[in-house]
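Everything below concerns the one structure shown next.
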Amino acid sequence: MISREDILRSQDKWALAIIGVGEAKEDYSKSKKLTSEFLNDLYDFKEGKVQFKPTKASKHQFRNDEASAISYFIGGNKSFVEDYGFAMKPWKKIEFFNDTINIYEDIGIAMGNYFFTDYSGNKIRVEYSFVYLKKENSVKIILHHSSLPYKSV
């Protein structure tokens, strides 16, 4: 059974991993290694497809395999020319604010806003929905959808 605490721990690990990738941005190989490790640790790409719709992707908005997710976070993949490396900003602080967390046995669903603060103090709000699956003692993200808030015209 997944718990609220499992989800909160996963969110903390996610935030620290993104910050760590950005801190290594001067060494692309290290950033790529950290990104691959973070995806293997927190996402379920090894066992199946992850439904991943990242915030700043429009041409290839769905990233359902590890290679396309790596490209989103660190860039450098010619198949995804729109990717500049979201994690390479870098970010100084990432905070999750869950609106709701629903638990269904081994599935947890979290929805809310997360805030990304860069080293200049600029903060952006992003909306997210994550679905987590607990297998044995491991919690994996199986759906990640994030987007910028709607702006009326």
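So which residues in region 1-49 are within 19 Å of N102 (Cβ to Cβ) and among the hydrophobic types (A, V, I, L, M, F, W, C), if there are any at all? Steps first, answer last, please.
Residues of region 1-49 that are within 19 Å of N102 (Cβ to Cβ), as a first pass: 1-11, 14, 44.
Within region 1-49, M1, I2, I7, L8, W14 qualify.
Restricting attention to helices (runs of 4 or more DSSP H) lying wholly within region 1-115, give those where 1 or more residues are in contact with a Pro (Cβ under 7 Å, 6 or more places away or on another chain). Outline the logic, then answer.
Working: elements: 4-23, 28-42, 66-74.
Output list reads 4-23, 66-74.
Can you run down the residue pairs with Cβ atoms below 9 Å, 6 or more apart or on separate chains, where the first is in region 15-44 and without any contact (Cβ under 8 Å) to a residue 40 or more places away in the chain and hydroxyl-bearing (S, T, Y) and the partner is assigned to a helix (DSSP H, G or I) and surrounded by fewer than 20 Cβ atoms within 10 Å (Cβ to Cβ)?
S36/E66
Which residues, taken from region 138-153, are among the hydroxyl-bearing types (S, T, Y) and assigned to a strand (DSSP E or B)? Outline the logic, then answer.
Let us first name the residues in region 138-153 that are among the hydroxyl-bearing types (S, T, Y), namely 138, 146-147, 150, 152.
Listed by number, the residues that qualify are S138, S146, S147.
Taking the stated definitions as given, is K151 exposed (fewer than 14 other Cβ atoms within 10 Å of the Cβ), of a type outside the set (A, V, I, L, M) and under 14 Å from I94 (Cα atoms)?
Values: exposed (fewer than 14 other Cβ atoms within 10 Å of the Cβ): yes; of a type outside the set (A, V, I, L, M): yes; under 14 Å from I94 (Cα atoms): no.
When the stated conditions are applied, K151 does not pass them.
Is region 80-103 home to any residue that is touching a strand residue (DSSP E or B) at 6+ places or on another chain (Cβ under 8 Å), of a type in the set (V, I, T) and free of Cβ contacts under 8 Å to residues at least 60 places away in the same chain?
So far as region 80-103 goes, yes, one or more of its residues are touching a strand residue (DSSP E or B) at 6+ places or on another chain (Cβ under 8 Å), of a type in the set (V, I, T) and free of Cβ contacts under 8 Å to residues at least 60 places away in the same chain.
Return the total of residues in region 111-123 being of a type in the set (G, A, S) and either surrounded by 13 or more Cβ atoms within 10 Å (Cβ to Cβ) or closer than 20 Å to E5 by Cα (or both).
Taking region 111-123 first, the residues of a type in the set (G, A, S) are 112, 120-121.
Subsequent filtering for residues that are either surrounded by 13 or more Cβ atoms within 10 Å (Cβ to Cβ) or closer than 20 Å to E5 by Cα (or both) retains 112.
Adding up the residues that qualify gives 1.
Quick one: E105 ticks every box in (1) more than 16 Å from R9 (Cβ to Cβ); (2) among the acidic types (D, E); (3) within 13 Å of the chain's Cα centre (by Cα) except a single one, so which number is it?
(3)
Residue check: is D6 at pLDDT 95 or above and either at positive phi or within 13 Å of the chain's Cα centre (by Cα) (or both)? Show your work before the answer.
Numbers: at pLDDT 95 or above: yes; either at positive phi or within 13 Å of the chain's Cα centre (by Cα) (or both): no.
So D6 does not fit the description; no.
Residue by residue through region 124-137, note down the ones that are surrounded by fewer than 13 Cβ atoms within 10 Å (Cβ to Cβ) and either assigned to a strand (DSSP E or B) or in contact (Cβ under 8 Å) with a residue 12 or more places away in the chain (or both).
R125, K135
Which of the residues belonging to region 51-108 are surrounded by 14 or more Cβ atoms within 10 Å (Cβ to Cβ), among the basic types (K, R), at pLDDT 95 or above and in contact with a Lys or Arg (Cβ under 9 Å, 6 or more places away or on another chain)?
none
The values are calculated or read from the model by the stated rules, or taken from the named source; none is laboratory data. Predicted model only: the values in this text are computed from it and were never measured. Neighbour counts are summed over all protein chains in view; Cβ atoms, including those assigned to glycine, are modelled from backbone coordinates with ideal geometry.
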